[in-house]
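Notes follow once the structure below has been shown.
Please treat every number below as a calculation from the coordinates, not as lab data. Here the structure is a predicted model, which means the values were calculated and not measured. Neighbour counts are summed over all protein chains in view; Cβ atoms, including those assigned to glycine, are modelled from backbone coordinates with ideal geometry.
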Amino acid sequence: MKKILLIEDEYFISDLYKKILQDAGFEVITAMDGEQGLQKAKLGPDLILLDIMLPGLNGLQLLQKLKAENSVKNIPVVLITNLAQANIIKEAFNLGACGYFLKVRLKPEDLIEQVNIFLTNPNFKMDYEKLVFD
Amino acid sequence: MVSSDSYEELAKKLKLIDQQNKQLDDATKILIERDFELRKAYDELEKEKEQVAAERNKFLVALQSISDAVIAVDLDWNIIIFNKAAENLTGYAVEDVLGKPIFSVIKVFENGAQVPYTTYSPKIISGFEGVVFSKPILRICGLNNKESFVQLIAAQITEGSSVKLGSILTLHDITEEQELERMKLDFVSMAAHELRTPLTSIKGYIYIFIRDYLKFMDEKQATILQRMDISAQKLASLVENLLNIARIERGTFTVNLQPADWTALIKGAVSEVMAQVKDKGLELTLDLPPVGLPEVRVDRLRINEVLSNLLTNAINYSVSGGKIKVAVKLQGDEVITQVSDTGQGIPQEALPHLFTKFFRVSGPLEQGSKGTGLGLYIAKSITLMHHGRIWVDSQLNKGSTFSFALPVYREEEK
C-alpha cells in the first residue's frame with residue numbers, strides 16, 4: 001500500500017483529503033504544521049502533499065529543508081494550496097516541487113488521478129510555465 | 001539808381017522767399033503732426049508693454065499656482081518652464097533644471113518600458129497646434145528616482161519654431177489614485193483567497209456526501225443536497241470572477257492556448273449546469289455539427305468560464321418551461337457557439353453596454369436583476385484573448401442569443 005504524507009493545517013481540508021485518499025486505497029499520514037511535517041517525512045512516504053500557508057515553517061521553507069535532507073530529498077513533493085500567484089508557483093518549482101494544484105479547483109476525483117501519476121512516475125514534473133492560475 | 005529790371009528781379013526773389021517760407025511752414029506743421037502721432041504711438045506702446053507684462057505675470061502666477069506640473073522645453077529639449085508643481089512632482093528645484101535637457105531630469109515609463117523623450121515630446125511639426133502626445137497612466141522617475149504616476153499631455157503651438165518653443169508638458173499626478181487602485185485589487189485578491197479555503201471544504205464534503213450517501217436518500221433529501229452543491233458551485237464561480245477582475249485590471253490575466261476537442265468541452269459545460277436546468281423546469285437542447293470541427297486552440301479553464309457564464313445567464317433569465325439551445329457551427333474560418341434562451345430578453349438601449357464592466361440592465365431592486373455585472377465583461381476579455389469575438393442578439397420578452405466566435409487554428413500560425 002502506497003503511503004502519502006499530507007501536510008495541511010486546516011483540519012477540515014486535511015480530514016477531507018485523508019478520507020478521499022484512504023477511500024482510494026492509500027495509507028495516509030498527516031501533519032498539521034511544518035515542523036511536524038519534517039519529522040513525519042522521515043517515516044518514508046511515497047509522496048508528500050504540501051500546503052503553503054502553514055504555521056511556523058511555511059510550505060516553501062519546509063520544501064527547502066526537505067530537499068536539503070539526504071534521506072527524504074528524493075520523495076516527490078506536490079503543493080496543494082489556494083495561493084495562485086505566479087511568483088510563488090515559480091519559487092515552488094525552483095525549490096524542487098514536482099506538482100502544484102489549486103485546492104478550490106481540484107476535484108476529489110482529480111486528486112486521486114494526479115496522485116497516481118506522481119506515484120507511477122516519481123520523476124514526473126509538471127511544466128509550471130503551462131500553469132495558468134493568476 | 002535801381003533799374004526797373006532789378007525791381008522786377010527783387011520782386012521775383014521776394015516772392016520765391018515768400019513761397020519757401022510757406023513751404024517751411026507746411027513742413028513744420030507736418031513735423032508737429034508727426035511728432036504728435038509718434039508721441040501717441042509711444043504712449044500706446046508703453047501701455048501695451050505694461051499689458052504684456054501684466055499678461056506675463058498673470059500667466060506666471062497661474063502657472064505657479066496650478067496643481068498640475070507644467071514643463072516646457074525649447075527646440076533642443078532644454079527646459080525653459082518648470083512650475084512649482086513640477087518641482088514637487090520631480091523633487092528638483094527650478095534653478096537646477098532650467099536649461100538642462102528634459103531627459104536628464106525625468107525618466108518616463110509605460111508598463112515598465114521606458115518611453116523615449118522624442119515620443120512624449122515629439123519634434124515640432126510646423127503649422128500644427130494642439131495635443132501631440134497623451135497617455136492616461138505613465139510612471140515617471142525624478143530626483144533620486146522619486147517615483148510617481150502621472151497622466152501626461154504634451155501640446156505644441158503654431159508659432160513654436162519661431163519663438164523656439166518645443167512642447168509644453170502637463171503632468172497630472174495620479175499616484176494616490178494608483179495606490180488606492182492597487183490596494184483595492186490587493187484586497188479583492190486577498191479576500192477571494194480567504195474565501196477559497198472554506199469553499200474547498202464545502203465543495204469537497206458535499207462531493208463525499210453525494211458519493212457515499214445519495215444512494216440512501218429519498219428524492220426530497222437528494223434535492224436538498226443537490227441544491228447545496230449548485231450553490232457552492234455558484235459561490236465558487238463568483239469568487240473566481242472577483243479574482244478575474246483583479247487579474248484583468250492588473251494586466252496579469254493570461255491564457256494558455258492548447259488544442260481542444262470543442263464539442264467535448266461544450267458537452268462538459270452543459271452537463272455541469274444540467275442539475276440547475278432540471279431544477280428550474282427548463283429544457284436544454286444541444287445542436288452540434290454531425291462531423292468533426294476543425295481545431296480550435298483554447299485555454300480550457302478560461303473558455304469554460306465563458307460557456308458557463310452564458311449558460312448560467314440563460315438559466316437565470318428564463319422561467320419554468322423556458323427553452324435553452326446550445327448550437328455550434330463552422331462559419332468561414334470561425335467556430336461559432338451560440339447560447340439562446342426564450343427568456344425575458346434585453347432592452348435595445350442596454351445592448352451596447354452589456355459587455356461593459358459593472359453594467360447591469362436594471363437597478364439592484366428591480367425584478368429579474370441578478371449578478372454582479374462582471375460575468376459578460378470577463379467573458380468578453382477571455383474571448384478577446386482567444387482572438388475571438390462575442391456579441392448578442394435579443395428581443396424583449398422573446399429571448400436572447402449570445403454568440404462567440406473562435407478562429408480556426410491554422411498550421412502556419414505556429
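Less than 23 Å apart at the alpha-carbon level, and either on another chain or at least 8 residues along: which lysines does that give for B:K357? Correct list for B:K357: B:K135, B:K184, B:K234, B:K370, B:K380. Nearest 10 degrees, 0 to 90: what angle lies between the long axis of helix B:175-213 and the longest principal axis of chain B (Cα atoms)? So the helix axis and the longest Cα principal axis differ by about 10 degrees. Seen from all directions on average, chain B presents a Cα convex hull projection of 41.5 nm².
What the Kirkwood sum gives for segment B:4-93 is a hydrodynamic radius of 19.1 Å, with every pair of different alpha carbons counted. Normalised by 2.2 N^0.38 Å, where N is the number of residues, the alpha-carbon radius of gyration of segment B:285-367 equals 1.29. By the count of neighbouring beta-carbon atoms within 10 Å, fewest first, B:E8, B:E305 end up ordered B:E8, B:E305.
By its C-alpha gyration tensor, with a ≥ b ≥ c as the square roots of the eigenvalues, how is segment B:187-345 shaped: rounded for a/c under 1.5, else prolate for a/b larger than b/c, else oblate? Note, shape of segment B:187-345 comes out oblate. Note on chain A: Rg/Rh from Cα positions, Kirkwood definition for Rh, rounded to two decimals, is 0.91. The lysines within cross-link reach of B:K22, meaning a Cα-to-Cα straight distance under 28 Å and a gap of 8 or more places when in the same chain, are B:K12, B:K13, B:K40. How about A:K18: which lysines have a C-alpha closer than 20 Å to its C-alpha, ignoring those fewer than 8 places off in the same chain? Within the straight-line cut-off, A:K18 pairs with A:K2, A:K3, A:K40, A:K42, A:K103, A:K107, B:K203.
Distance between the pseudo-spin-label points of B:D261 and B:K357 (7 Å out from Cα toward the beta carbon): 3.8 nm. Within 10 Å of the Cβ of each residue in B:191-202, the mean number of Cβ atoms contributed by other protein chains is 5. By the count of neighbouring beta-carbon atoms within 10 Å, fewest first, B:T383, B:T28 end up ordered B:T28, B:T383.
This ranking places A:K107, B:K280 by how few other beta-carbon atoms lie within 10 Å of each, fewest first, which gives A:K107, B:K280.
Using only the alpha carbon atoms of segment B:81-184, find the Kirkwood hydrodynamic radius as the inverse mean reciprocal pair distance, in angstroms to one decimal. Numbers along the way, then the final one.
Working: mean 1/r = 0.0691 Å⁻¹.
For segment B:81-184, the Kirkwood estimate is 14.5 Å.
Rg/Rh for segment B:179-250 stands at 1.18; both radii use Cα atoms, and Rh follows the Kirkwood definition. Evaluating 6.51 cos²θ - 1.76 cosθ + 1.60 at θ = phi - 60° for every residue in segment B:231-246, the Karplus couplings come out as 5, 5, 4, 4, 4, 4, 6, 4, 4, 5, 4, 4, 5, 4, 4, 4 Hz, glycine and proline recorded as x. Judged by the mean number of other Cβ atoms found within 10 Å, the most tightly packed of the peptides A:76-84, B:103-111, B:399-407 leads the ranking A:76-84, B:399-407, B:103-111. Here is the list for segment A:32-121: trypsin sites (Lys or Arg not before Pro) lying in DSSP coil, each with at most 13 other C-beta atoms within 10 angstrom of its C-beta, are A:K42, A:K73. Remark: segment B:119-162 is approximated by an ellipsoid whose semi-axes, taken from the C-alpha gyration tensor as √(5λ), come to 26, 12, 7 Å, largest first.
Segment B:374-390 and segment B:294-311 have their alpha-carbon centroids 10 Å apart. Taken over the C-alpha atoms, segment B:148-211 has Rg and Dmax values of 26.0, 83 angstrom.
Distance distribution P(r), the protein assembly as shown, all Cα-Cα pairs, bin width 20 angstrom from 0: 15, 33, 27, 12, 5, 4, 3, 1, 0 percent.
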